[in-house]
Amino acid sequence: MANQHQHFVTAIDVGSAKTCALVAEVTDNGLRYRGHGLAESRGSRKGVIVDLDKAVASIQKAVEQAEDSSGTAIEHALLGVAGGHVRGVNSHGGLSFGTRAREIARDEIRSAVDKARAIPLPSDREILHLLPQDFILDDQGGVHDPLGMMAMRLEVRVHMVTAAASATQNVVTAVNRAGVQVDDTVFEPLACAEAVLRNDERELGVCLVDVGAGSTGVIVFQEGAVIHTAVIPVGGDHFTSDLSVGLCTPLVEAEKIKKMYGNVVVTLVPEVNEVEVPSVGDRPSRLIPQRMVGEILEPRARELFEMLRDNLRHSGTLEVCVGGVVLSGGGSRLAGIVDVAESVLRRPMRLSWPTPLSKMPSTLAEPEFATVLGMVLYAHRSRIARGVQDTRWSSRLMGLFAKKGA
């Protein structure tokens, strides 16, 4: 079974709207799709477990479907972490070697990393990721791997992604109770980036915005490194809730109306169009102008991107996004959302479509599956970085920063 585990990669995304399990096979030519399972999420909201038994049942259903379609037992998986409890912070640290330059060895690199991560954190928080930005040798920055180089002082800049320990552990517990061992956890926008961002965007400076059901994850890259992460507490469910209240219709019907007729730019909707809206209780359905749907959705869309703009400005990363902003996640499919984002952020925009796996069905090549696809790509890359298939020091250096255990 250990050998089988080494040749398969499984990711589980426990979202607010859906739970997805995806299995990929490791081949000589890369990853190949083997199977997946989908279930409506119950018991989780905004990245936090609110009913453990219901969450376990949703995970079990998705896992069983993935096992049936892939033809393999799922015993281990990578788990995505998201929600408003996730925070990002930049840090740096270093050490001096005295008045004479010396060759930098692995122990010195680890010591510098330990200095950078030694910042006070609240007792309820844990480090989810320790991500490298660059090393500084005697005031010379931009060094990616200092092993074997000479310096009198070594410093390192890192970005740390932290999460509420209890919230993370509750999701892990739910997956464990569903019969799957969690091998690792990953901040979902970081994984999503594996499936949707291009290398030139990461180098130039780009912001990935993953609009989920319960919240919106944000990650900013510059010169290939993560410089900012955040979570905006607005997601697709908020749009649905606004429609439900504004149109006095059940949430299920509001979700259908949002997907079929929603547009966050009112002026793009023809004035003559009408929409049938089911009422609550035994009241008859009504016909309303389609523009009324847009009038409800547009303020929420502007609020989302104004909150994002303010977050990026506060962190000093808005001007960094020369390569623009990339939208992903199921919430990004709302008509007109790219137009609103461009008008608020004043940056080039594009809606992302994830890189498909070999043999993958076309139904998965959609923005709402970008995160779980990115997770299997991230898991595979992390295996290589930790030396499973590559024992070079540069790869081990990536693994050194990959997780909280570094």
Within region 165-184, restricting to residues that are at pLDDT below 95 and assigned to a strand (DSSP E or B), the one that is surrounded by the most Cβ atoms within 10 Å (Cβ to Cβ) is Asp184
*Taking Val89 as the residue in question, decide whether it is part of a strand (DSSP E or B), among the β-branched types (Val, Ile, Thr) and out of contact with any Asp or Glu (no Cβ under 7 Å at 6 or more places or on another chain).*
yes
Take the conditions among the hydroxyl-bearing types (Ser, Thr, Tyr) and either part of a strand (DSSP E or B) or surrounded by 15 or more Cβ atoms within 10 Å (Cβ to Cβ) (or both) and apply them to Thr99. Does it pass? no
- [ ] Could you tell me whether any residue of region 294-307 is among the small types (Gly, Ala, Ser), without any contact (Cβ under 8 Å) to a residue 60 or more places away in the chain and out of contact with any Ser or Thr (no Cβ under 9 Å at 6 or more places or on another chain)?
- [x] no
Okay, strands (runs of 3 or more DSSP E) sitting entirely in region 1-66 with 2 or more residues that are touching a residue at least 40 places away in the same chain (Cβ under 8 Å), under 18 Å from the mean Cα position of the chain (by Cα) and under 22 Å from Pro361 (Cβ atoms), I get 8-14, 18-27
Of Gly324, Gly374, Gly330, the only residue that is at pLDDT 95 or above and in contact with an Asp or Glu (Cβ under 6 Å, 6 or more places away or on another chain) is Gly374
Result of the Cβ filter at 9 Å on region 148-167, keeping first residues that are within 30 Å of Ile49 (Cβ to Cβ) and partners that are modelled with pLDDT under 90 and acidic (Asp, Glu), at least 6 apart or interchain, is Ala164/Asp124; Ala165/Asp124; Ser166/Asp124
With criteria (1) over 19 Å from the mean Cα position of the chain (by Cα); (2) in a loop (DSSP other than H, G, I, E, B); (3) surrounded by fewer than 16 Cβ atoms within 10 Å (Cβ to Cβ), His314 comes up short on (2)
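The values are calculated or read from the model by the stated rules, or taken from the named source; none is laboratory data. Worth saying up front: this structure is predicted, and the values here are computed from it rather than measured. Using ideal geometry, Cβ is built from the backbone for each residue, glycine included, and neighbour counts are taken over all protein chains shown.
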